[in-house]
Amino acid sequence: MKPTAIRIHLDTPNIHIYGEQRPDSAPTSSGRQVLLAGTVELQLRTAMRIRSLGLSFFGEQIIRVPSRNALAPHTNNKCLADIAHDPPLLQSSADNTEMYAAGTHWLPFQFILSEDLVTSAVLSFGHVRYAVRAQLVVSALRRT
């Protein structure tokens with residue numbers, strides 16, 4: 001059974017990662033930190049056994065370089081960030097899963113990001129993009 005919806009809501013629509021030094025951010029060895037906070041909205045149609053709900057912050061850089069063959073440009077992909085929320089938002093023990101009632105569940109989260117990440121951009125030859133991703137692992141229900 002699939003959930004009705006999983007939505008990620010950020011507390012603020014934009015965060016300033018690059019170049020902004022704010023007095024309320026804590027210093028790190030490589031610069032300052034930025035807080036990315038929000039909630040995961042998990043809407044369940046029916047009661048469901050959930051093993052885990054993991055969350056990650058992911059960033060990628062993709063640059064397309066023209067080549068001699070115009071139909072096959074060279075593409076350079078680079079992972080800029082892959083940070084897993086630790087611990088997962090929901091986590092059951094290995095031998096037991098928890099039953100979650102039908103309805104809407106709100107789960108808050110926070111990521112602490114380094115301010116020296118590359119700024120998001122969409123360019124004619126590629127992009128730099130960041131995303132927050134959720135992964136829900138459910139347990140099959142068995143009738144006995």
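Here, each number is a calculation from the coordinates, and none is a lab measurement. What you see is a predicted model; the values in this text were computed from it and never measured. Don't worry about glycine lacking a Cβ; one is built from the backbone with ideal geometry, like all the others, and counts go over all protein chains shown.
What's the local net charge at G38, with K and R +1, D and E -1, over the other residues with C-beta under 11 Å away? Provide the component values of the computation, followed by the final result.
Details: positive: R7; negative: D11, E41.
Spelling it out: positives minus negatives among the neighbours equals -1.
To the nearest 0.05, how large is the calculated FRET efficiency for S139 and S114 if R₀ is 25 Å and r is the Cβ-Cβ distance? The partial results should precede the final answer.
On the way: r = 36 Å, r/R0 = 1.43.
For R0 = 25 Å, the calculated efficiency reads 0.10.
How far is it, in nm, from the label point at M99 to the one at D82 when both lie 7 Å from their Cα along the line to the Cβ?
Modelled inter-label distance: 3.7 nm.
Quote to one decimal, in nm, the extra length available between D11 and H74 on full extension: 0.36 nm per residue of separation minus the C-alpha distance between them. Could the numbers behind the result be given before it?
Working: separation 63, 0.36 × 63 = 22.68 nm, distance 3.77 nm.
Contour length minus Cα-Cα distance gives 18.9 nm.
Could you check the simple spin-label distance between S92 and A131, using points 7 Å along Cα→Cβ, in nm with one decimal?
In this crude label model, S92 to A131 measures out at 2.7 nm.
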